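Only one structure is covered here, and it is reproduced in the block below.
Each value in this text was obtained by applying a stated rule to the coordinates, not by laboratory testing. Just so we're clear, the structure is a prediction, and the values are computed from it rather than from any experiment. Cβ placement follows ideal geometry from the backbone for every residue including glycine, while neighbour counts extend to all protein chains displayed.
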Amino acid sequence: MSSFKESEGLRIVNTWMAEKGQAPFQFQMQTWQRHGNGYSGMVVAPTGFGKTFSVFLAVVIDYLNHPEKYKKGLKLLWISPLRSLAKDLAKAMTEAIDEIGLDWSVQVRNGDTPTAKRRRQERLMPDVLLTTPETMHLLFSQKKNSRWFKALKCVAIDEWHELLGNKRGVLTELAISQLRHYSPRLQIWGITATIGNLQEAKDVLLPYSDLKITQITAKQKKKLDIISVLPDEIEVLPWAGHLGAKMADKILPIIAANTTTLIFTNTRGQAELWYQVLLNAQPDLAGLLAIHHGSIDKKLRNWIEDNIASGYLKAVVCTSSLDLGVDFKPVDCVIQIGSVKGIARFMQRAGRSGHSPFERSKIYFVPTHSLELVEVSALKKAVKDKQMESRDPMVLTFDVLVQFMVTLAVGEGFKADALFHRIRQVHAFQYITSDDWQWCLHFITKGGKTLHSYEEFHKVILDEGDIYRVKSRRISMLHRMNIGAIVSEAHMMVKFFSGGYIGMIEEFFISKLKPGDSFILAGRVLELVQIKDMTVLVKRSKAKKAVSPSWLGGRLPLTSNLSHYLRLQLSHALEPGRLEKELRFLNPLVSRQEAHSHIPKADEFLVELIETRDGHHLFMYPFEGRLVHEVFSALMAYRISKIKPMTFTIAMNDYGFELLSDQTIPVDESNIKTLLSETHLMDDVIASINASEMASRKFRDIAVIAGLVVQSQPGTRKNNKSLQSSSGLIFRVLEDYEPDNLLLRQAYTEVFNQQLEEARLQQAFQRISKSKIVVKSAKSFTPLSFPLKVDSLRGTMSNESLDKRIQRIKAQSFKID
Amino acid sequence: MNIITEHIIVKEEELNLTNQRAVYYDRLRALILSDVHIGKTAHFRRHGIPVPDHILQKDLERLKFLIEYFKVKTVYVVGDLFHAETNSNMKTFKMWLSQFKDLKMILIKGNHDRQSPHLTENLNIKVEPSLQLGPFNLIHEPVEKPSKLFTVSGHTHPGVIIKGRGKQKLKLPCYQLTSHQLILPAFSLFTGLNTRTMPKDAKCFGFTETSIFKI
């Protein structure tokens, strides 16, 4: 190995670093050396320790040492999940290259790249290209795309933990497989933050047996301060809801005391609200306070990002849009508003402050309702115990596979056997059968089993030389528009009547407004003028009051790691330790809960029965996260309705769930043990959930990814109106006529793996069966139940027939919406 | 298949709203319906989206059942009989149509009915921009302001959400009736429901496979 240590390349890079007063971290040195020796692998390092430079400089050093091995054109491909990362990374890389004295060009290519620049890149690829998984697939859909990748030496997957566990991860796996096909000696490097299943993360990224594989873990640890912001008195906190507006007075001094503060909220709607609240509380922040989220126009976002980096902005209210990697040096403080739902996510947000290696990260937690204080307390304990969540990779996602097959058919075309051989090496498809593969081929050529007789269906055709291709230009175009695995709600562009974009808004929200109504976007109060060609035309509004938009996505469930700690902390909330200031503060509320109902101890399970004007409520608190509660509640509804047929509406949050009925709920101490028993658990679950309904919801994304539903493009004149249909409609058609359709099967599998979280549910029931069950009746809502009443997602569960339900609603007199 | 009807009296004429998405006008032995969207499944397939023809078959079977049940003489389609270009679905439709010897079919042109006139000539369907039928004016799109004649239209694919105690919600297709117009549900099952365009003071008649009722 000494040869590498003495190599010219390393010497040059070391000198360059030394000039900047830096020395490489040990993990960087290791990466450089292993890369030089032909390894692929995964680098595990916290943000802010130069993980980018571990892999990037490894390629630079190798080039300096062996320029003869590199040809003209693309050398390093850098794939990262977020577009916003690319710009800053490119800047940092270009700077390094210039200073080291290489003549490489570094360029970005993603959805924001202008067409002219893309055409230029297609004529001559840069030496380093920064891109996203979706853009990679778009490149594969171009004619003669293989020529761009023939000279490629290395592909780096940045923030791999963000991709693993969703379908974009599968897109990435497939992209790597295709790149290996074009450039067989390619070295592959993943970069990830610490997660619970690092070994698996590595196996998913690098399933290839011909590679030399290594894992390099940084020893550096980020120092972290968690400070909870408490109101003056407990009544100040609303019991639940989005806003602790009065907390603004507590946030302003924090902003004042720091150079630049990032204020994280959980949803775009909340971000808009808090932006208004802070500006109202301190109007002279105007111009120094900005708002940043995924629905804001990209030019504005870029401007904001630049101004964070230059330190001009004092504070930015943002969502997960600023979660990842960008190096904002001036940021020295992070404020989290509301629950953060997971330990890893919390750490990541905290890491946005004090970005350089030896600074401490500082994160303030502002609760939006009282129970969240228990969560901070739980977070502190979990961080101390270093309990990170795992990200489970997705497998057999046929929607992504058929999309990829059509992508290749639009591009250079493919041969079936050769592609099947490659696909089986990809982690996500290692268990694909020949039958499955045949079905996929059939699906893209004939539209599925039942469609063989229709002559007008020509998506992919088997061309001369046994190559599968797409020949229709229109189908190619429709397909390119549909590439990707992020399915969003239908969005509309928001534009001033006089010109100028403001951002995007969900169609379902805007559809509730009439011309003349006011709403808030990007911190501005806007008046709706008209809707035209999927574009919302607005003008500035003078209205004082306006609706804040809500976006459907972005509600994450509590992770099981965090919920474990939450139960633990709540159970001893009545007697908090000396240093647990959150729990001490919460004591009056906890005492109230104890007085009116009960605080469940670690070995107890609480059930509350409450009657109000709305009807009869049953509350249970498993603290298992929203998804598990969805199944849990349906199961309870099913078991109760076996005692007496009835219809419930169900509400749930991360702490518990509510069953609400217009009739008395027959639950008491005599039957509660049976209702919560472990016996026949999964049988009852399957009987209780409307699996078809759940699968139909999952099918929405699948249908879009597999190209069964054409999404309308915001802002475009051509919205393919004659091709509009809902995935629900197609789901029903397939259920009726092609029940063994693989995409249908996938929808059901996704329901069982993700929605039902079978393992977690089983564990919960085991725990409950060992617990003491406490049933309490209360006259009014308790501190635990109130948040469920006001801030939750609702669904309906019924075992009565449709007509019977209508009859009963009728008897209560109809209300029309 | 169950045909359940709700009788309403409009302009002193008796109309039967059926739960099978069509209105039967007994005095004229006429069936009035809207938004059949023939050609939609083939149109989807032509654009690479696999949808089988079973949906069309089911729609046509239902129409046949209605025609035979009421012994209908004339079918009035108030727009969107067809979906897009002339395609293989039209052949299916022509075959289906040929089984009725004395049935008259009249189409009030809808926004989707932009095919060449040869198609309707060939099928022996008369096409009108709008049509007066007794006291009614048949037209495709609902009118915004009250007109002299009572209008019967379609176009919007109306649906209704009903709410009960305990925050229950149900979404059903419906007929919308006001003092000056009747809006029909879409006949084809391969259509969505629109719960947003509710005319002022509209009474809704929602229906299921086994019932129809005023809301």
Inset, instruction - Along each of the three principal axes of the Cα atoms of the stretch B:63-135, give the extent in whole Å, ordering the values from largest to smallest. - result: 32, 32, 17
Legend entry - Net charge, residue B:205 excluded, C-beta distance under 12 Å - Lys, Arg +1, Asp, Glu -1: +2
Legend entry - chain A: relative contact order in percent, alpha carbon pairs under 8 Å with at least 6 residues between: 12
Inset, instruction - Could you point to the residue in A:204, A:269, A:610 farthest towards the positive end of the protein assembly as shown's charge dipole, with +1 and -1 charges on the Cβ of Lys/Arg and Asp/Glu respectively? - result: A:269
Legend entry - the stretch A:278-371: chymotrypsin sites (Phe, Trp or Tyr not before Pro) in DSSP loop, at most 12 other beta carbons within 10 Å: A:358
Inset, instruction - Kindly give Rg over Rh for the stretch A:310-447, based on alpha-carbon atoms, with the Kirkwood expression for the hydrodynamic radius. - result: 1.20
Inset, instruction - Mind ranking A:672-680, B:174-182 by how tightly packed they are, going by the mean number of other C-beta atoms within 10 angstrom, highest first? - result: B:174-182, A:672-680
Legend entry - Assigned charges on the beta-carbon of Lys, Arg, Asp, Glu; chain A dipole about Cα centre (debye): 1820
Inset, instruction - Determine, for A:461, A:188, the number of other Cβ atoms within 10 Å of each Cβ, and report the residues in order from fewest to most. - result: A:461, A:188
Legend entry - Reciprocal mean inverse distance between Cα atoms of the stretch A:491-540 - Kirkwood radius, Å: 10.4
Legend entry - Nearby lysines by direct alpha-carbon distance to residue A:298 (threshold 19 angstrom, same-chain neighbours under 8 apart not counted): A:87, A:91, A:117, A:495
Inset, instruction - Please report A:210, A:98, A:392, A:332 as a ranked list, fewest other C-beta atoms within 10 angstrom at the top and most at the bottom. - result: A:210, A:98, A:392, A:332
Legend entry - Per-residue ³J(HN,Hα) for the stretch A:395-401, Karplus 6.51 cos²θ - 1.76 cosθ + 1.60, θ = phi - 60°, Hz, x for Gly and Pro: 10, 6, 8, 5, 4, 5, 5
Legend entry - Test item: Cα-centred dipole of the stretch A:491-540, Lys/Arg +1 and Asp/Glu -1 on Cβ, debye: 180
Inset, instruction - Among the aspartates and glutamates, select those whose C-alpha is under 17 Å from the C-alpha of residue A:776, and discard any that sit fewer than 8 residues away in the same chain. - result: A:594, A:603, A:604, A:608, A:611, A:658, A:668, A:669
Legend entry - Surface/4 of the Cα convex hull for the protein assembly as shown, nm²: 44.0
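In peptide A:456-462, what is the residue-averaged number of other protein chain Cβ atoms found within 10 Å of each Cβ?
Mean shielding by partner chains, rounded to a whole number: 4.
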Legend entry - When each of A:223/A:329; A:150/A:219; A:601/A:789; A:314/A:362 is checked by Cα-Cα distance, pairs over 26 Å: A:150/A:219
Inset, instruction - Return, for the Cα atoms of the stretch A:2-217, the radius of gyration and Dmax in Å, separated by a comma. - result: 16.2, 47
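How would A:63, A:655 line up from fewest to most surrounding beta-carbon atoms within 10 angstrom?
A:63, A:655
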Inset, instruction - Two decimals is fine: what's Rg over Rh for the stretch A:42-144, C-alpha atoms, Kirkwood radius as Rh? - result: 0.96
Inset, instruction - Could you let me know the centre-to-centre spacing of the stretch A:615-637 and the stretch A:730-789, using Cα atoms, in angstrom? - result: 8
Legend entry - Crossing angle, helix A:51-65 versus chain A [Cα axis fit, 0-90 degrees, rounded to tens]: 10
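In whole angstrom, how long is each semi-axis of the equivalent ellipsoid of the stretch A:101-243, when you take the square root of 5 times every eigenvalue of its Cα gyration tensor and sort them from largest down?
Equivalent ellipsoid of the stretch A:101-243: 38, 22, 16 Å, largest first.
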Inset, instruction - Note the per residue figure in Å³ for the convex hull of the C-alpha positions in the stretch A:223-385. - result: 104
Legend entry - Note, ³J(HN,Hα) from phi for the stretch B:55-68, Karplus 6.51, -1.76, 1.60, rounded to Hz, x at Gly and Pro: 5, 4, 4, 5, 4, 5, 4, 5, 5, 4, 4, 5, 4, 6
Inset, instruction - Please average, across the residues of A:596-603, the number of beta carbons from any other chain that are within 10 Å of each residue's own beta carbon, and give a whole number. - result: 0
Legend entry - Computed log₁₀ I(q)/I(0) - Debye formula, equal Cα scatterers, no solvent, chain B, q 0.13, 0.16 Å⁻¹: -0.71, -1.10
Inset, instruction - Using only atoms on other chains, find how many Cβ atoms lie within 10 Å of each Cβ of peptide A:735-747 and report the average. - result: 1
Legend entry - aspartates and glutamates whose Cα lies under 15 Å from that of residue A:341, excluding same-chain neighbours fewer than 8 positions away: A:323, A:372, A:375, A:389, A:624, A:654
